[in-house]
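The values are calculated or read from the model by the stated rules, or taken from the named source; none is laboratory data. Values in this document were obtained by computation on a predicted structure and should not be read as measured data. A quick note on method: Cβ atoms are made from the backbone with ideal geometry, for glycine too, and the neighbour counts reach across all protein chains shown.
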Amino acid sequence: MSRIRSALLPPALAILFAAALCAVALVISGASPLTALGVMIGQVGQGTTAVDIVNSAAIYYIVALAAAIGFQMKLFNIGIEGQYRLAACVAAIVGGLIVLPPVLHTLVIIVVAVLVGAVWAGIPALLKAYRGVSEVISTIMLNAVSLGAIAFLIRPDSFGVLQGNNISTKPIEPSGQFPGLDTGAGTIFGMVVVAVLLGVGYWFLLNRTRFGFELRASGESATAATAGGVNAKRMVIIALVLSGAVAGLAGLPEVLGRDFAYTLTSPQGYGFTGLAVALLGRNHPAGIAFGALLWAFLDKSAIALDNIGVPRDIVLIMQGSVVLSVVVAYEVVRRYELAAEQRRVAAQLRGAPAADKEVVG
Amino acid sequence: MTTLTRARAGFGTLPGWARSAIVVAVGVGLLAVTATLTGQIQLTSSGTTQAAVRLLLPILFAALGGLWAERAGVINIGLEGMMILGTWGAAWAGYQWGPYAAVVGGLVFGVLGGLLHAVATVSFGVNHIVSGVAITLLGLGVTKYLSTLLFLPVSGNPRQSPRVEGFETFSVQPLADALAAVEAQQRVVLSDVAGLLGGLLSGLTPLVVLGFVLVPASYLLLWRTSFGLRLRSCGENPVAAESLGVQVYLYKYIALIVSGALAGLGGAALTLNPGQLGYLEGQTGGRGYIGLAAMIFGNWRPGGLLAGSALFGYVDGVQLRAGGEAVHALLYGASILAVGLAVLWVLQRRWQTAAIALVAGAAVYAVYFSTETVPREFASYAPQIVTLLVLAVASQRLRPPAAIGMEYRRGEGD
C-alpha cells in the first residue's frame, strides 16, 4: 500500500503544482484558468482530438522507452532526437526506393529504421566504452550532425523530391504503408500496436531476463555489478545501442501511417519529450504510458487554448514545470522515506542487545 | 634519456603563457600557409576574423558559464535554456532602453535560470542532467509565452522582438588601420597575420571586450583567490571542503548564479549581434551545448575554453563568410597539422601515435583531394564534428573536477 502511495503521490503533487503555477501565469496575463481548464478537458470529445492524443502518445511512448532503457543504466541518451530523425529519414528513403509485397515491404522499412537508430547510437556507445567520452556531450553533438546528414540526404540532387515549397523523400508505395484503424473520428496509427508490444517487451526484458537484471544492477551500482561478473563496457554498449534501436522506431508512426515520406518539415523535438516522459513515468512501462498520454493531451490543448485567445505556449510552461516539479517531488519523497526507514531501524535496534549496535554504528 | 624527450618535458614545464603563445603561433602559421597554398585568402581576411569574433562571443560566454558551474561540481546542460532566457531578457530590455540595458536584461534572466538550477540540484538533490533538460524545456516555454504576450503587440510577430539598438563599434587606432594597409598589400604570410590580427582589433563592441576580459578575470578569481579555491574545492571534494568550514551550499549557489549570468550574457550577445538585432525564436541554435563542448575541449580551464570557442567561432565564421570551399581548404590545413604532429612524435620515438596521426592526415588529405567542396549541410556542423573528433582522440587527457555531477548533502560525509 505504501509503495503504491509513494509511487503515485509525487507525480500527483507535481501535476497539481505545475497546474497552480500555470494558473498564476494565466491570471497575470489576464485569462481565466478555469475557462482554460474547461476548454482543455472539453476538447477531448471534439472531432479527432482523442485519436490524435492516442497517436501522439504512441510516439512519445516509444521515445520514452528508448530514454528509459538508458536511464536504467544511468545513461543519458540525449541523442534520441537525432537517432529517430535520421532513422525515419533513411527508412523513408529506402521505403520509397524499393517495391516489395505488402507486409514484407513494411517490415524492411521498420528493420532499416531500427538498424539506423542502433548504428547512430553505436557511435556514442563506442566512444563511451572505449574512450571514456560522456554520452551526454557526444549525443548532443551527433544530434546536430544528424540534422546536417538529413539535410544532405533529402537534397533534390541526393534522394529528395521537390514538392511545392517543401522537399521530401520519394513517397512510399501503399505496399509499404502500415494500415491504421479507422474509428470514424480519425485513424489510429497501426504503429500504436507496435508501441504497446514494445512496452510489454520492455517490461519482460527488465523483469524476467538475466540481461534486464544485469542492466538494472549496473545502473544501481556499477562496482557491485562488475564484482558480480557483469562486463561494464558491454553493458554500456548494449544499453545505448538498444536505446537507439527503439528510438529509431519513433519516427515511423507518422512516416508509415500519415505522411508516407520524410520531409524537411517532419516533426522534431520528440527526443527531449522522451526524456521528460520517461522521468514522469519513473521508467516504469505503465507510468510511461500515463506520462505519454498526459504529454499528448497537453500538446493538443495548445490548439484548443489558442482558439479562446490563451497563448498556446502556456502548455510548454506547463510541461516544463511538470518535469521539474516531478523530479523534485520524487527526490523529496525519497528522502522522507529514507529518513522514516532510518527511524524505524533505529527504533528496532533500541530494543536489541548492545553488542549488535556496534556493528551497525 | 635523449635530448628530445627532455625537450618534450621542456614544453610541458614552460609557463602557461609561453605554451599558449606557441600554440597560437603554430595556429596562425598553419592558417597563413594554408591560405597561401590553397589560394583561399578569405581564411585569413580581417572580415573572417571579425565574423569569427562575433560568432565565438556567445559560445565563449556559455563556456565560461559552464566553467563556473562545473568547477563547483554542478553539471550545467541547462546553459542552453539559460541562454534562451538571456536572449529574451536582452531583447525585452534592449528595445526599450538601449544596448546597455539589453546586457543587464540578458544577465538578469540568465540568473533566474541559474537560480532555478541551483534550487533543484543543490537544495533538492535532483540529478543535474535531468534538471538541465527541464530548465531548457522551461526556458523555451517561458520565452515563447512571454514573446506572445509582450512582443506580439509591438512587432506583430510572436516569434520575434522589435529591432534592438546595437552597440556602436570601435577599433583600436591607429593599429587597426596600419594592419588593414598591410593586409591590402597581399604579401605572403605577413598579410595573413595582419588580416587575422586586424580583425581582432576592429569592429569591437563593449560586449566583446567584456567577454575577453572575463576570461582572465575568471582565471584570477577561481585560481588566485581563496574564494576561488573554496569554490573549486566544492567541485573536487565537497565533504573535505565542508570539514574545513566551507559553506558548500552557498558556494554552489554563487557558482550557479554566476553561471546563469554568463549564459544570459551569451544570450545578450546573440540578441546584440549586428547581423540580427533582436530576439528570434530558436536563435540560440544549440550554442549553449557548443559552449559546454568548448569548455570540455579546453579541459575545464579558462585559456582552454577560449581556444575551444575560438576554434568553433572561426570554423563557423569561415563557413559563413566564404562557404564550403573555404572549409574544404581547412581540411588541407588539418592534414598539414597531422603530418607535422606525426613528425614531432617520430622524433620523440612515439611510433604508434605518429602512425595514427599519419594515417589520419592521409585520410583527411584523401578527402580533400577527392572532393571539390564540403557540402553546405555539413560545413555548418563542422564545430560539432570537430568536437567529436577531439573528444574521441583526447578524452583521456582531460581532467574534469573530481566530484562533478555527484549529489552532496550537508553533514552526510563519511
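Some observations on this one:
- Answer residue from region B:143-202, given it is part of a helix (DSSP H, G or I) and β-branched (Val, Ile, Thr) and is farthest from the chain's Cα centre (by Cα) among those: B:Val154
- Residue in region A:91-108 that is small (Gly, Ala, Ser), assigned by TED's automatic domain parsing to the domain that holds A:Ile237, part of a helix (DSSP H, G or I) and closer than 17 Å to B:Ile385 by Cβ present: no
- Filtered by the rule that a residue be assigned to a helix (DSSP H, G or I), under 20 Å from B:Gly235 (Cβ atoms) and within 14 Å of another protein chain (Cβ to nearest Cβ), region B:289-304 gives B:Gly291, B:Leu292, B:Ala293, B:Ala294, B:Met295, B:Ile296, B:Phe297.
- Options B:Ala403, B:Ala360, B:Ala366: the member that is in contact with an Asp or Glu (Cβ under 7 Å, 6 or more places away or on another chain) and away from chain A (no Cβ under 14 Å): B:Ala403
- Flag if A:Val136 is within 20 Å of A:Ala232 (Cβ to Cβ), in a helix (DSSP H, G or I), within 8 Å of chain B (Cβ to nearest Cβ) and among the hydrophobic types (A, V, I, L, M, F, W, C): yes
- A residue that is surrounded by fewer than 24 Cβ atoms within 10 Å (Cβ to Cβ) and either out of contact with any helix residue (DSSP H, G or I) (no Cβ under 9 Å at 6 or more places or on another chain) or among the small types (Gly, Ala, Ser) (or both) occurs somewhere in region A:81-97.
- Within region B:267-286, not a single residue is touching a Gly at 6+ places or on another chain (Cβ under 9 Å) and within 30 Å of B:Arg409 (Cα to Cα).
- Being more than 21 Å from A:Leu126 (Cβ to Cβ) and aliphatic (A, V, I, L, M) is a description that applies to B:Ile336.
- Among the candidates A:Gly269, A:Gly257, A:Gly251, residue that is out of contact with any Gly (no Cβ under 8 Å at 6 or more places or on another chain), closer than 21 Å to A:Leu86 by Cβ and more than 14 Å from chain B (Cβ to nearest Cβ): A:Gly251
- Just one of (1) in contact with a helix residue (DSSP H, G or I) (Cβ under 7 Å, 6 or more places away or on another chain); (2) surrounded by fewer than 24 Cβ atoms within 10 Å (Cβ to Cβ); (3) part of a helix (DSSP H, G or I); (4) within 14 Å of another protein chain (Cβ to nearest Cβ) fails for A:Val24. It is (1).
- Selection of region B:98-125 for residues being in a helix (DSSP H, G or I), surrounded by fewer than 22 Cβ atoms within 10 Å (Cβ to Cβ) and within 14 Å of another protein chain (Cβ to nearest Cβ) yields B:Leu112, B:Leu115, B:Val119, B:Ser123.
- Against the numbered list (1) in a helix (DSSP H, G or I); (2) closer than 20 Å to B:Ile290 by Cβ; (3) not charged (D, E, K, R), B:Pro400 comes up short only at (1).
- Meets criteria (closer than 30 Å to A:Glu331 by Cα and within 14 Å of chain A (Cβ to nearest Cβ)) for B:Ser131: yes
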